[in-house]
Amino acid sequence: MRLRSITPLLAFALLSLQLSTVTVARDKAPPMDEAVARVTAEGAFATVDLLASPEYAGRLTGTGGYEAAARWVAEECKRAGLQAPGDFKGYLQPFMVRLGGLESSKLDLLPADDKGQPQAQAFFKDFMPMLQSASGDVTAEVVFAGFGITAPDMGRDDYAGLKAEGKVVMVLRGEPKDGRNWGAFDTTAAREANARKHGALAFLVVDQPVLSASGHPEGTMPAAMVSEDLANQILAGQRIKVEELRKVLEKGGTAAFPAGQKVHLTVKARPPQDRQGFNVVALLPGTDRKLSGEYVVVGAHLDHVGSWPSLFPGADDNASGSATLLEIARASAKAKERPKRTIAFVWFAGEEMGLLGSRHFAEHPPEGLRQCVAVLNLDMVGVGVGAYVAGGKNFPEIFKALEEARDAYAPGIKLMAGTSEGEARADHGPFQERGIHAVSLFGSGASHHGYHTPEDTVFFITPKSMEAIGRTAMAAAFALADGP
Ligand SMILES: [Zn+2]
């Protein structure tokens, strides 16, 4: 279009449009605008699609599928021009894990009086053995042991008065809601160890029956997750439901009793083996010589639960966070203005086995990095219209940085701050335990379809949510790494 043909009014409109564009851009610091815009829904989705493909076999730490995924991410970091920590070979931080695996499993419900037929229960609908379960074939009475916690120092014993020896122990996941920190007891591994200490032959956790890699890798007994429906059937003789029990337990009460039913649980597991897991770590070195030993971690767990018996793609959990992190890492490498402090992009291994990779990294940060000033972890950000920020209430300065970044670069999304006790739920936990200010962002406002089942596929991913959360996290990480 030639200028002469433009009417004066239109010319004025164009001119003012240009002027206002310039003003807005100046307010937002143009280099950051440009850098953040490189985090795209298309880029993130392409990575999710790849990581969730059969090529990486569900990315279980210690398997070839996981290692291939880690090496691919490392290669992408190299291609982007990011620095590998001096003491890590090729961006990889190895550590050992104990890896079990499932061959087959069966669970039957038996009538208390041994009359009538055993009722076979269905995979996923009624029960799912744990990936770290030991082999075994147990037929025994079920006893209910509340939250499965024994903590004399805190005045609680869920096993008080219960004879658990030679029985199948069934517990609820959860903790008393009394404001105290039960984090150390509220894990599958802790519950299972406590059941074993009380002489249990098998272990059941009442929860959505999904495949879980957490639990004790040296488990000496078969272990499974059971649905609330099946738990209610097991408790039917006692005329009490899980829902009612949960209320009592959350108020600080206890409930321990024989359920009055038997189960037959068989698990054929592979014997645990020592295998190598890898965190992937890439650095954007800080520009200020005095401050570059301080660093911000932007993290996401790369691992998932594998292929037992068929592929668990883990598209949302957590190919989404890993892909968003890779978008941030690539965009950061191209940023014209770098922050004063270093940013470490870390893909954690072993999250599903109990936050093993984040704990290892927090204990063994790369050479030359003295002090971690903030952690932003991305977990299951593949769906939603915003993010729940675990730890946002504990660390308001991080939440504020996220809100400001959101206002500038993703104003459509909602951020919600939550409290975190450094609980064993996500990879910010091991950092928080060490007094580091750390949060985890989870996609919120939509359901995480197929969580820990073969249905966690790319078909349920909403790419724009990764773009919005990625841009927000990147701008916040830069602000935190550059701040006072
Ligand atoms: Zn998971």
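Each value in this text was obtained by applying a stated rule to the coordinates, not by laboratory testing. Predicted model only: the values in this text are computed from it and were never measured. Cβ atoms come from the backbone with ideal geometry, glycine included; neighbour counts cover every protein chain shown.
Below, the figures for the structure above:
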quantity	calculated
Cα gyration tensor category, rounded, prolate or oblate, for the stretch 410-451 with a/c compared to 1.5	oblate
Farthest toward positive dipole pole in the chain [+1 Lys/Arg, -1 Asp/Glu at C-beta], among T61, M416, G350	M416
Protection proxy ranking of 453-466, 30-43 - average other beta-carbon atoms within 10 Å, highest first	453-466, 30-43
Test item: Cα-centred dipole of the chain, Lys/Arg +1 and Asp/Glu -1 on Cβ, debye	1060
Mean ellipticity per residue at 222 nm, deg cm²/dmol - from DSSP H runs of n ≥ 4 across the chain, formula -39500 (n - 2.57)	-9000 deg cm²/dmol
Surrounding net charge for G237, when Lys and Arg each add one and Asp and Glu each subtract one, Cβ distance under 14 Å	+1
Exposure proxy order (Cβ contacts within 10 Å, fewest to most) of T47, T139	T139, T47
Chain lengthening between R71 and K336 when straightened (0.36 nm per residue, less Cα-Cα)	92.7 nm
Cα-centre dipole for the stretch 100-270 with unit charges at Cβ (Lys and Arg positive, Asp and Glu negative), debye to 20	60
Sorted by Cβ neighbour density within 10 Å, fewest at the top, the residues R471, R330	R330, R471
GluC sites (Glu not before Pro) within the stretch 282-364: DSSP coil, no more than 15 neighbouring Cβ in 10 Å	E337
Gain upon complete extension [D137, D113; 0.36 nm per residue less C-alpha separation]	6.6 nm
Ranking of R246, R406 by count of other Cβ atoms within 10 Å, fewest first	R246, R406
Shape call, the stretch 100-270: gyration tensor on alpha carbons, a/c limit 1.5	oblate
Charge context of I328, other residues only, Cβ under 10 angstrom, K/R +1, D/E -1	+2
Under 18 Å between alpha carbons - lysine pairs in the stretch 100-270 that sit 8 or more apart or on different chains	13
Kyte-Doolittle mean at least 0.5 and Cα axial length at least 18 Å: DSSP H helices in the chain	8-27
Whole-number percent relative contact order across the stretch 333-457, with pairs defined as alpha carbons under 8 Å at least 6 apart	33
Efficiency of FRET from Cβ geometry, R79 and R275, R₀ 41 Å, rounded to 0.05	0.90
Reachable lysines, given that their alpha-carbon falls under 24 Å from the alpha-carbon of K89 and they are not under 8 places away in the same chain	K78, K334
Diffusion constant of the chain at 37 °C, which comes from Stokes-Einstein with the Kirkwood Cα-pair radius and 0.692 mPa s, µm²/s	138
Nitroxide proxy distance, nm - points 7 Å out along Cα→Cβ at M416 and K251	2.6
Summed residue charge, Cβ within 14 Å of A151's Cβ, Lys/Arg positive, Asp/Glu negative	-2
